[in-house]
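Asks: Below: one structure in structure tokens.
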Amino acid sequence: MDQGQLKQLASWRPRGFIQWLLTVLAVIAFAFISILTYYIWNPRGLPNIMSLLGAIAMVTPKFLLSITVVILILVGLAVWRKALIAWIILIPLVLLLSFLTVEPIIKMSNYAKNENVSSSLISHFFGKIEITSKFIQDIVYGTTPDGVELKLDVWPAQGDSKKSLQPAVVKVHGGGWVEGNKGNTPNWNQWLSELGYTVFDVEYRMPPQAGWKDEVADVKSAIGWVAEHADTYNIDPKKINVMGDSAGGNLAMLAAYSMGDTKLPPSINVSAVPINSVINIYGPADMTEFYKNNPSPDYVQDVMRKYIGGTPSQFPDRYKILSPISYIQENAPPTITLLGASDRIVPEEQAEILDRKLKENNVPYELYLLPRADHVFDAVPNSLSAQFAYEKVKAFLQKNNK
């Protein structure tokens, strides 16, 4: 190797603390973003920390932007301090992050356009919603035989609601049947109340306190209580809609479709209530298939065993009884399902199974598979996916609550 080649090679090597630091940071950034990209494009593997960060990146619009800004700062420092290896590593990362940010926006914007839904890119990145509505907390809707008080929150319909009876939405929170609480999604509650719906945000018992039938039993009890107190809250008992996200979506469907079925009675003495419509936000419909086939088996199978008491091979009847599709008949209420096509917990198969069963029984239904949307895509209420969900739910409720 001649003198010129040696000088050229030496010019590429980091020299001094700053160049070495920038090079090490670039290598770390390359490894981190490579793994993050894998879990964005292959949504699976919860509760793996990188899978969780992948979910955050898909749900939170500013997350990837923030990482991109950090990488751009490192690029600037690398150019300034002539850290060539760091510079060469970081430039492709900027391009990759730009693609990961822009590609989902294009897909979701095109999907919304095809579905005649308007969306705002400014709101996607910079929108903010403050919870300003007043609501009534911790109203007891029943007491179980062992003395547990069951509670809900009431978000009254806004506007001049005294002139006519208002429709109601009984809201069921998610959390994998083992965690979560009412009030998890106040943005939905406030938005629905602003549209003129009185929202009843329900708390229900969960393991280890609850048995495997208790969760849906509590939801049915809340629905019965709402119907019995329709005059108190000025609501139309013929327009009681149920809504839930994730496990809450499953329980909302289960309560609605199995209403009056003796296999799943309410936990307190209330009458069966015909449900006007069902809003299912990424909730599973077939519990046996969900246990067997999902993108994050470590998480899903663990919570399902805690909820149901064991595996499908141990308790096949329980899994069937707790599957909403087991109760779908021609008189089932109209249903809308919104599910992210990149959901790392609930696979598309669950929506397909549900819609196939609804179609077989001539039940009015709507299905929307949101491109590049993950589980809890509505956690950021102004994201493009959430904007789409709000508009479709609004139209669905208006159509079924005339």
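Asks: Have a look at the DSSP beta bridges in the chain and tell me what percent are antiparallel, nearest 5.
Replies: Numbers: 9 of 35 bridges.
Once the DSSP bridges in the chain are tallied, antiparallel ones form about 25 percent.
Asks: With all protein chains present, calculate the accessible area of TRP20 using a 1.4 Å probe and round the result to the nearest 10 Å².
Replies: So the heavy atoms of TRP20 present about 140 Å² to solvent.
Asks: Full-extension gain between ILE18 and GLU130, please, as 0.36 nm times their residue separation minus the C-alpha to C-alpha distance.
Replies: Details: separation 112, 0.36 × 112 = 40.32 nm, distance 4.35 nm.
Roughly 36.0 nm would be gained on extension.
Asks: With a 1.4 Å probe and all protein chains left in place, how much accessible area per residue does the chain have, in Å²?
Replies: 46
Asks: I would also like to ask the following. Viscosity 1.002 mPa s, temperature 20 °C: what is the translational diffusion coefficient of the stretch 8-144 from Stokes-Einstein with a Kirkwood Rh over Cα pairs, rounded to a whole number of µm²/s?
Replies: 118
Asks: Counting just the Cα atoms, what span does the chain cover along each of its three principal axes? Round to the nearest Å and put the largest first.
Replies: 92, 52, 42
Asks: In Å³ and rounded to a whole number, note down the convex hull volume per residue for the Cα atoms of the stretch 101-232.
Replies: In the stretch 101-232, the Cα convex hull volume per residue is 161 Å³.
Asks: Charges at C-beta only: +1 for Lys and Arg, -1 for Asp and Glu. How large is the resulting dipole of the chain about its Cα centre, in Debye rounded to 20?
Replies: Details: 36 positive and 37 negative charges, 254 e Å.
Computed about the Cα centre, the dipole is about 1220 debye.
Asks: In square nanometres and to one decimal, what's the mean projected area of the convex hull around the Cα atoms of the stretch 279-330?
Replies: Numbers: hull surface 16.3 nm².
Mean shadow area of the hull around the Cα atoms is 4.1 nm².
Asks: To the nearest 10 square angstrom, what accessible area does GLU391 show with a 1.4 Å probe?
Replies: 80
Asks: Okay, next question. Please report the carbon-and-sulfur percent of the accessible area for the chain; probe 1.4 Å, protein heavy atoms only, DNA, RNA and ligands left out.
Replies: Values: 10430 of 18450 Å².
Accessible surface attributable to carbon and sulfur in the chain totals 57 percent.
Asks: What residue among ALA55, PRO295, SER34 has its Cα farthest toward the positive end of the dipole of the chain, where the charges are +1 on Lys, Arg and -1 on Asp, Glu, each on the Cβ?
Replies: Projecting each Cα onto the dipole axis, the largest value belongs to SER34.
Asks: Could you give me the radius of gyration and the Dmax of the stretch 178-313, taking only the C-alpha atoms into account and expressing both in angstrom?
Replies: Radius of gyration, then largest Cα-Cα span, for the stretch 178-313: 15.3, 47 Å.
Asks: Just name one of TRP20, ILE281, LEU90: the one whose Cα is farthest towards the positive end of the charge dipole of the chain (beta-carbon charges, Lys/Arg +1, Asp/Glu -1).
Replies: TRP20
Asks: Give the ranking of LYS128, LYS292 by solvent-accessible surface, highest area first, calculated with a 1.4 Å probe. Write out the running numbers ahead of the final one.
Replies: On the way: LYS128 170, LYS292 135 Å².
Largest accessible area first, the list is LYS128, LYS292.
Asks: Given the stretch 140-230, what percent of its DSSP beta bridges are antiparallel, to the nearest 5? Before the final figure, lay out the partial values.
Replies: Values: 7 of 12 bridges.
Counting DSSP beta bridges with both partners in the stretch 140-230, the antiparallel share is about 60 percent.
Asks: ASN110 versus LEU52, label points 7 Å from Cα toward the beta carbon: distance in nm?
Replies: Inter-label distance under the simple model: 3.4 nm.
Asks: Give me the angle, in degrees from 0 to 90, between the Cα long axis of helix 84-114 and the longest principal axis of the Cα atoms of the chain, rounded to the nearest 10.
Replies: 30
Asks: Before rounding to the nearest 500, sum -39500 (n - 2.57) across all DSSP H runs of length at least 4 in the chain and divide by the residue total; then give [θ] at 222 nm in deg cm²/dmol.
Replies: Numbers: 14 runs with 194 residues, N = 402.
The helix contribution divided over the chain gives -15500 deg cm²/dmol.
Asks: Please report the accessible area of TRP212 (heavy atoms, 1.4 Å probe, ligands and nucleic acids excluded) in Å², nearest 10.
Replies: 50
Asks: Nearest 10 degrees, 0 to 90: what angle lies between the long axis of helix 247-257 and the longest principal axis of the chain (Cα atoms)?
Replies: The two axes meet at around 30 degrees.
Asks: Around GLY244, with a cut-off of 14 angstrom between Cβ atoms, what is the net charge of the other residues, counting Lys and Arg +1 and Asp and Glu -1? Please report the intermediate quantities before stating the final value.
Replies: On the way: positive: LYS171, LYS182, LYS220; negative: ASP201, GLU203, GLU215, ASP218, ASP245, ASP378.
Here the charged neighbours net out to -3.
Asks: Where does helix 3-12 land angle-wise versus the long Cα axis of the chain, in degrees 0 to 90, nearest 10?
Replies: Long axis of 3-12 versus the principal axis of the chain: about 30 degrees.
The values are calculated or read from the model by the stated rules, or taken from the named source; none is laboratory data. The structure presented is a predicted model; accordingly, all values stated were derived computationally and were not measured. Virtual Cβ from ideal backbone geometry, glycine too; neighbours counted across all protein chains shown. Heavy atoms of the whole protein, side chains included, go into the accessibility calculation; ligands, DNA and RNA do not. Shrake-Rupley method; radii C 1.70, N 1.55, O 1.52, S 1.80 Å.
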